[in-house]
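Below is one structure; the comments refer to it alone.
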């Protein structure tokens with residue numbers, strides 16, 4: 001059993017039916033002792049069409065919001081709050097379009113074009129300022145745009161063939177996830193980083209990804225599972241203090257495919273586990289923590 005202040009594990013099994021299992025461990029009076037509660041959530045969510053598409057676009061929403069806030073920070077550094085007002089409006093329009101499937105699809109088709117426009121504007125303003133200390137903002141936006149390219153391809157493929165299972169290279173899944181984590185760390189502007197396949201220390205999170213049941217290095221799963229993995233890992237990072245540890249496991253068996261993400265973060269109050277997967281609901285212990293998401297990442301998963 002883990003020795004930590006609080007620990008949570010999110011498990012998803014996809015086989016004959018969808019299975020949700022949330023495992024939460026919290027210390028009692030004795031740090032050596034833990035209390036484990038397993039909850040299987042089988043309720044119907046009864047989401048509206050708008051809520052369904054917003055869940056589907058959750059990762060893209062987080063990405064666009066991150067670009068928006070990076071532009072806002074850079075504008076502040078330049079001393080001109082309106083420096084990227086046009087580009088920031090485009091970000092807002094993209095997120096607003098994620099309430100309708102046709103509009104969302106159109107925005108995804110145009111995402112790479114928008115990304116190039118934003119990157120050009122950033123480079124132009126930085127060069128025009130004569131500042132030599134703003135290079136990290138340009139580099140950070142470039143990293144985000146690389147993620148936009150990947151996310152665009154994934155979303156278009158999912159729109160074309162929803163619900164399909166595909167054969168994927170496990171090392172490619174890992175590389176893609178590390179690309180996202182590197183981008184997240186870079187956008188923190190030095191507040192935190194990641195060390196891979198090791199425990200965390202100081203301001204660096206420890207992260208590891210294990211793939212089980214793939215002797216040939218390949219796994220078969222719905223592409224949306226990659227999105228779910230990213231969301232769960234990003235969510236774990238958000239609610240874990242720097243220096244903590246995040247462990248992810250992909251497991252492939254004859255019965256199906258599962259994802260497990262374990263972290264040493266804040267956890268979820270036991271009496272709220274059933275509710276946190278509802279659309280727009282956050283745990284009472286994290287509501288004061290700023291988020292760039294909409295509070296429906298777990299609903300989507």
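Taking only the stretch 172-199 into account, find how many residues are within 22 Å of residue 256 (Cβ to Cβ) and in contact with a strand residue (DSSP E or B) (Cβ under 9 Å, 6 or more places away or on another chain).
3
Determine if the stretch 202-210 includes at least one residue that is more than 30 Å from residue 166 (Cβ to Cβ), modelled with pLDDT of 85 or more, within 16 Å of the chain's Cα centre (by Cα) and outside any loop (DSSP other than H, G, I, E, B).
No: zero hits.
Looking at (1) modelled with pLDDT under 70; (2) outside any loop (DSSP other than H, G, I, E, B), which is the one condition that is false for residue 294?
(2)
Tell me, please, whether a residue that is surrounded by fewer than 17 Cβ atoms within 10 Å (Cβ to Cβ), more than 20 Å from residue 108 (Cα to Cα) and modelled with pLDDT of 95 or more can be found in the stretch 52-72.
Keep residues of the stretch 52-72 that are surrounded by fewer than 17 Cβ atoms within 10 Å (Cβ to Cβ), which gives 52, 69, 72.
With more than 20 Å from residue 108 (Cα to Cα) added as a condition, the list becomes 72.
Filter once more, so that each one left must be modelled with pLDDT of 95 or more: 72.
Within the stretch 52-72, one or more residues are surrounded by fewer than 17 Cβ atoms within 10 Å (Cβ to Cβ), more than 20 Å from residue 108 (Cα to Cα) and modelled with pLDDT of 95 or more.
Are there any pairs, at least 6 apart or on different chains, whose C-beta atoms fall under 7 Å, with the first in the stretch 221-243 and closer than 16 Å to residue 206 by Cβ and the second modelled with pLDDT of 90 or more and in a helix (DSSP H, G or I), and if so, which?
233/177; 234/184; 237/184
Of the residues 107, 113, 138, which is touching a helix residue (DSSP H, G or I) at 6+ places or on another chain (Cβ under 7 Å), modelled with pLDDT of 90 or more, surrounded by fewer than 19 Cβ atoms within 10 Å (Cβ to Cβ) and assigned to a helix (DSSP H, G or I)? Walk me through how you get there before you give the answer.
Numbers: 107 fails: surrounded by fewer than 19 Cβ atoms within 10 Å (Cβ to Cβ); 113 fails: touching a helix residue (DSSP H, G or I) at 6+ places or on another chain (Cβ under 7 Å).
Only one candidate passes the filter, namely 138.
The values are calculated or read from the model by the stated rules, or taken from the named source; none is laboratory data. Please read all numbers here as calculations on a predicted model, not as lab measurements. Heads up, the Cβs are rebuilt from the backbone with ideal geometry, glycines too, and the neighbour counts pull from every protein chain shown.
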